[in-house]
Amino acid sequence: MDEEGMAKMKQSSLACGADDRSGMVGNSIPERFREYLVGKLGFEDVVVYRAEPLFGGFSRESWRIDAGWLTANGARTERSMILRMDPPSSLHESNRRIEYAMYKAFWPVPGVPVPEPLFIEDDPGLLGMPFFVMSRLDGVAWPGELRKPIYKEKWSGIARQMFEILGLIAAQDYCDLGLADVLAVPSVDDAWAMQLDYWEKIIRDHDIGPLPVTSAVIRKLRREPPPAASKVSVVHGDYRIGNYLYSPEGIIGILDWELAHLGDPIEDLAWSFARNWHFEAAPGKVAGKLLPDEAIRIWEDVSGLKVDRNALRWWTLFTHVKAYAMWVSAAHRAATDSARRLVNTDAAWKNMYAQELWMLEGVYSINNKSQM
């Protein structure tokens, strides 16, 4: 499935309307959230004006909540918020505290726009699941919106901004961001192994039968590791078109940090280039507008780092293993009936075999380059 197809299934929780899904929390959310604001946070005169479940979400259930309350000095505050709840099942497991920590870390960083983190709760008794709350930003995430006439002269600028922001993320010192005690810290030599181990385990834990192509590619990645990372930095983990909010003025929010970790920043660059996110009408272009070399130049200028092309080729092949792990996890849930959500079933069977084909093409490309 290309990026547009995926995005139609997963429009950002901050950008789309309600669906007709009936979850375990159902219509109790408005009142239970109001009770949370009153009982747990001590707000007074709380009114929930709007509460609606939002379409999509591979890893979390999301709701839009508009509410108002009285502050300690008697002033009235009104906020439009996004409630992100742990789901019964998801395309991949993720850590709510890490995602919230990333919003908290980057909220003060100039040039890296994120929603403001507001509250986080581990107690599942409050709303039926653990959750966190962040501010709601106006904007859209669906890539197809970029085809509208209003974006005709804007799209290229948004694509460039995408890689400027990614460069800024790579340039940050994770210690200065307060993340050294939140995320595991690999060395520059083993950042690749930590990620390959992680995603291979997901594949093995969700075994649905023989995987000759994927297993062969994993062996190749281990046999021929990439050069050491130039630095250990924050890796968003799912940085791509479709995971940021934008408007005609540009990108206004980087979303979906649930896969964030510390590692080789080239990993994020390779993931943003992955074939999964290409537009059919713009083959070979990243973010729908840029040649990879253009995006690399932008990233290098902002990050102050240089892209080792051998490392980029390794991480590009790795992206297929990582994506395959996501699809096989979903397929396992569908096959074992542990998840009934269409987003799990549909994503799995549409994407698994395409991903293996891309793996083979990637191996062929790397082998040819090594012989040149």
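Checked against a 20 Å cut-off, the cross-linked pairs Lys148/Lys350; Lys220/Lys285; Lys231/Lys306; Lys152/Lys289 give Cα-Cα distances beyond that limit for Lys148/Lys350; Lys220/Lys285. Just so you know, the averaged projected area of the alpha carbon convex hull for the range 77-161 sits at 8.1 nm². On C-alpha positions alone, give me the angle between the axis of helix 29-39 and the longest principal axis of the chain, in degrees, nearest 10. Result, in degrees: 70. The alpha carbon convex hull volume per residue for the chain rounds to 143 Å³.
If you wrap a convex hull around the alpha carbons of the range 111-166, what volume per residue comes out, as a whole number of Å³?
Per residue, the Cα convex hull of the range 111-166 comes to 122 Å³.
Only protein atoms count toward the accessible area here, which uses a 1.4 Å probe; on the range 50-198, the carbon and sulfur part of that area reaches 52 percent. Largest GNM mean-square fluctuation among Gly139, Gly42, Gly157, using the chain with Cα springs under 10 Å: Gly42.
Restricting to DSSP loop positions (anything but H, G, I, E, B) with no more than 15 other Cβ atoms inside 10 Å of their own Cβ, which GluC sites (Glu not before Pro) remain in the range 95-165?
Glu153
Adding -39500 (n - 2.57) for every DSSP H run of four residues or longer, then dividing by how many residues the chain holds, sets the calculated 222 nm ellipticity at -13000 deg cm²/dmol.
Taking the chain as a Gaussian network of alpha-carbon nodes connected by springs under 10 Å, the highest mean-square fluctuation of the residues Asp45, Asp301, Asp205 belongs to Asp45.
Entry note, the range 109-198: relative contact order of 21 percent, from Cα contacts under 8 Å with a spacing of 6+ residues. Sites listed here are trypsin sites (Lys or Arg not before Pro) in the range 59-156 whose DSSP assignment is loop and whose Cβ has at most 14 other Cβ atoms within 10 Å: Lys152.
Applying the Karplus relation 6.51 cos²θ - 1.76 cosθ + 1.60 with θ = phi - 60° to the range 128-143 yields 3J(HN,Hα) values of x, 8, x, 7, 9, 10, 9, 5, 8, 10, 7, x, 10, 10, 4, x Hz, where x marks Gly and Pro. For the range 168-234, taking the reciprocal of the average inverse distance between every pair of different Cα atoms yields a Kirkwood hydrodynamic radius of 14.0 Å. For the chain, with every protein chain kept in place, what is the accessible area per residue (1.4 Å probe, Å²)? I get 42 Å² per residue for this part. Using a probe radius of 1.4 angstrom, the carbon and sulfur fraction of the accessible surface of the range 236-368 is 54%.
When only the Cβ of Lys, Arg, Asp and Glu is charged (+1, +1, -1, -1), the dipole of the chain relative to its Cα centre reaches about 740 debye. Against the chain, whose longest principal axis comes from its Cα atoms, helix 155-171 is set at around 90 degrees. Helix 292-303 and the long axis of the chain differ in direction by around 60°, with both axes built from C-alpha atoms.
The values are calculated or read from the model by the stated rules, or taken from the named source; none is laboratory data. Note that this is a predicted model, so its numbers are computed, not measured. No Cβ is skipped: glycine too gets one built from the backbone with ideal geometry, and neighbour counts run over all protein chains shown. Surface areas here come from the heavy atoms of the whole protein model, side chains and all, with no ligands, DNA or RNA. Shrake-Rupley method; radii C 1.70, N 1.55, O 1.52, S 1.80 Å.
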